[in-house]
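Every number here is computed from the coordinates shown, using simple stated rules; none is lab data. The structure presented is a predicted model; accordingly, all values stated were derived computationally and were not measured. Cβ placement follows ideal geometry from the backbone for every residue including glycine, while neighbour counts extend to all protein chains displayed.
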Amino acid sequence: MADLEGLTTAIEMGDRAAATRATQQAIDDGRNPQAILDAMTAAMNNVGGRFQRNEIFVPEMLIAARAMKEATALLEPLLVAADIRPEATAVIGTVKGDLHDIGKNLVGMMWKGANIEVIDLGTNVPPERYVEAARTHDARIIGVSALLTTTMTGMADVVRAVRDAGMGDVRIILG
């Protein structure tokens with residue numbers, strides 16, 4: 001029987017090979033896809049807690065998130081087949097004029113680990129594109145990223161566009 005604690009540990013350590021092996025073993029053993037996903041989510045929750053306590057830093061979080069991403073790729077067909085749906089849908093992107101995406105990618109991977117479907121718009125995204133994507137995908141969360149101080153004002157433009165579109169029930173997270 002597959003060791004889901006081993007899967008959790010592998011993701012926490014950022015060991016992609018061990019995480020994919022443990023995931024494949026769990027799949028081969030017929031483990032419930034939701035139980036496998038729960039083990040992955042627990043790992044990323046632990047990683048997030050360690051980051052909040054300043055025990056690890058962004059590079060370690062990225063390494064763990066990449067391990068989870070590879071393991072999740074093996075699991076996704078089973079989740080679809082089992083009709084396990086994401087709990088929410090989020091749209092995420094980096095504001096117009098900014099090409100930085102490390103933070104955006106990290107948050108997107110964390111959200112996926114929390115069973116949120118992520119629609120990644122990429123970088124250099126104009127405000128109206130966030131609105132369009134949120135409507136198209138019925139997203140309840142919009143994540144807006146910026147790194148450059150010169151592009152941070154674009155965050156306000158996105159918030160304004162979402163509010164002007166009458167989407168007051170959509171949560172906007174800025175980073």
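Using 0.36 nm times the number of residues separating residue 84 and residue 13, minus their current alpha carbon distance, what extension gain do you get?
Numbers: separation 71, 0.36 × 71 = 25.56 nm, distance 2.67 nm.
Extra length available between residue 84 and residue 13 comes to 22.9 nm.
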What residues qualify as long-range amide H neighbours of residue 172, i.e. H under 5 Å apart, gap of 5 or more or another chain, H built at 1.01 Å from N?
-> 142
Long-range tail of P(r) for the range 1-59 (Cα pairs > 12 Å, %) = 63 percent
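Between the DSSP loop rule and a limit of at most 12 other Cβ atoms within 10 Å, which GluC sites (Glu not before Pro) in the range 25-111 are left? Don't jump to the answer; show the numbers that get you there.
Values: sites: 55, 60, 70, 87; in loops: 55, 87.
Answer in residue order: 55, 87.
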Residues whose built amide H sits under 5 Å from the amide H of residue 119, excluding neighbours closer than 5 in sequence, are 90, 91, 92
Taking placed amide H atoms and a strict 5 Å upper bound, the residues 5 or more places from residue 97 or on another chain that come that close are 124, 125
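Averaging over all projection directions, find the projected area of the Cα convex hull of the range 105-175 and quote it in nm² with one decimal place.
Working: hull surface 17.8 nm².
Mean orientational projected area (the range 105-175, Cα hull): 4.5 nm².
Counting Lys and Arg as +1 and Asp and Glu as -1, what is the net charge of the other residues whose Cβ lies under 14 Å from the Cβ of residue 168? Before the final figure, lay out each step's value.
Values: positive: 135, 140, 160, 163, 171; negative: 164, 169.
In short, +3.
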Hey, can you list the DSSP H helices of the chain whose Cα span along the axis is 27 Å or longer and whose average Kyte-Doolittle score is at least 0.0?
-> 33-52, 58-81
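Which FRET efficiency value, to the nearest 0.05, do you get for residue 57 and residue 25 by plugging their Cβ-Cβ distance into 1/(1 + (r/R0)^6) with R0 = 45 Å? Show your work: numbers first, answer last.
Working: r = 30 Å, r/R0 = 0.68.
Calculated value: 0.90.
Between beta-carbons, use under 14 Å as the cut-off and find the net charge around residue 108, counting Lys and Arg +1, Asp and Glu -1.
Working: positive: 66, 69, 104, 112; negative: 101, 117, 120.
For residues surrounding residue 108, the net value is +1.
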Run the numbers on the range 74-158 and let me know its relative contact order in percent, using alpha-carbon pairs under 8 Å that are six or more apart.
-> 39 percent
